[in-house]
Amino acid sequence: MNLSTQVLRLSKRFRTYEPDLFAFVPEENRFSRLLQDAQRLEEKYPDPENRPPLFGVFLGVKDIFHAAGFPTRAGTALPPEILTGPEGDAVARLKAAGALIVGKTVTTQFAYFAPGPTRNPHNLAHTPGGSSSGSAAAVAVGLCDIALGTQTIGSINRPAAFCGVVGFKPTYDRIPRTGVIPLSPSVDHVGLFGKTVQLVEDAVRVCCDTWHPPTGELPKPVFGIPEGPYLARTEPEGLAYFHATVARLEQAGFTVRRVPVMPDFDAIAQAHNAIVAFDAARVHAAWYAAYPTLYHPKTVELLARGQQLSPAEYESALASRTHLRETLAEHMTAHSIDLWLSPSAPGPALRGLESTGNPVMNLPWTHAGLPTLTLPTGKNSKGLPLGLQLTSGWYKDEQLLHWAKNLANLL
């Protein structure tokens, strides 16, 4: 099937799903433009043997990434011309590898908590999660094959779980953040969504400066369960489902070790939230001064908190990232753990669109900068997806994705 035919099929799918889903930022003549892009790509690479690795893969781009030919609105009513910048590094690399941009996907305002219009594809009355709302929802119904997202607290792993797709947040700065409107440069991560782990890995290979996949088969991973106040933040339904998933893995022959960790979880959360607030207040100082009435109350509250923090408090919070990373690494070494297992969200997607849900289950792994991946593991009795969050060690992204492919087949 040639690319033009695939684009026409995608346009039909758009007409079926997008009017109710609101996953994409509206674009006039989207499919005329996409047909031209597809034709140019086929003309550039007529020989199937010499095509780039993502030839014809449909890509959604979260609307805080700059992409040539597309305005960047970042989920706001601010003038796009003040937000515009050079094309994002990840966007450029994916395009060079043959991906076709379907369009900009909806984000919460400036990738924080003020929701956009996107709905959950499994039940339109529920949130898709955020802030990468449109990216997760679009992948879930096949409006794109892969989509770019970002995570500052839980904006990839949580919506991936809510929408039933794979969501990958790499080690901090493994994928360059250039060409992305920041929320908190100290903890912003660029990542990807896909229907399968393989698709995500194919895209990640392109986006990273270096990628060294394991040669040969790795031994079965040993799993760690982070017992303590962190895991206690899971809702009863989510925790019961998580324990059932872990039991399935144990029955399949995997070793699972329950390790008390993060007794200071409240302090970890406080430090992370302080970093986000401090950074955001400085990133947005000029824009907020010029357009205060265009900022959502949730974003205004964040900026106000950040303005009240001292540089000393900020530096202390930054230091806790390294401390947590090193402490988790010590536990992994002491107990011979390869991957931490945890719920990707406290429970299934919330009803209503006023909130994108609680990112608490993602926060410590983002704070430590460790690579995390959400795998869909099934649905609850109401048809809402739940996900399993896998976390590996610092710069162990390749091993994480390798193991995740095998686990996806099992789960």
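Going by amide H atoms built from the backbone, whose H comes under 5 Å of the H on residue 191, apart from near neighbours?
Those lying under 5 Å, H to H, from residue 191 are 149, 150, 151.
Mind checking which aspartates and glutamates have their Cα closer than 20 Å to the Cα of residue 396? Skip sequence neighbours fewer than 8 apart in that chain.
Excluding near neighbours in sequence, the set is 173, 188, 201, 202, 209, 217, 326, 330, 338.
Going down the table (44/169; 104/220; 169/379), which pairs top 27 Å between alpha carbons?
44/169; 104/220
Working from the pairwise distances between different alpha carbons, so that the mean of 1/r is found and then inverted, what is region 3-207's Kirkwood radius in Å?
16.5 Å
From the phi angles alone, apply the Karplus equation (6.51, -1.76, 1.60; θ = phi - 60°) to region 27-34 and give each ³J(HN,Hα) in whole Hz, x where the residue is Gly or Pro.
Listing the rounded values in order: 9, 6, 6, 3, 7, 5, 5, 5 Hz.
Could you please report the charge total around residue 281, scoring K, R as +1 and D, E as -1 over all other residues with beta-carbon less than 13 angstrom from its beta-carbon?
-1
If you plug each phi of region 157-165 into the Karplus form 6.51 cos²θ - 1.76 cosθ + 1.60 with θ = phi - 60°, what whole-Hz ³J(HN,Hα) values come out, in order, with x for Gly and Pro?
5, 6, x, 4, 5, 4, 9, x, 10
Over region 1-119, one equal point on each Cα, no solvent: what is log10 I(q)/I(0) by the Debye formula at q = 0.10, 0.14, 0.17 Å⁻¹?
For region 1-119, the Cα-only Debye profile gives -0.33, -0.63, -0.90.
Among 136, 32, 179, flag the residue with its Cα farthest along the positive direction of the charge dipole of region 3-207, charges on Cβ as +1 for Lys/Arg and -1 for Asp/Glu.
Of the listed residues, the answer is 136.
In sequence order, what are the phi-derived ³J(HN,Hα) couplings for region 380-393 according to the Karplus relation 6.51 cos²θ - 1.76 cosθ + 1.60 with θ = phi - 60°, rounded to whole Hz, with x for glycine and proline?
Once rounded to whole Hz, the list reads 7, 5, 9, x, 9, x, 10, x, 9, 9, 9, 10, 10, x.
Bear in mind these aren't lab numbers, they're just calculated from the coordinates by the rules spelled out. Remember, predicted model here, so these are calculated numbers, not experimental data. With ideal geometry, Cβ positions are generated from the backbone for all residues, glycine too; neighbour counts draw on all protein chains shown.
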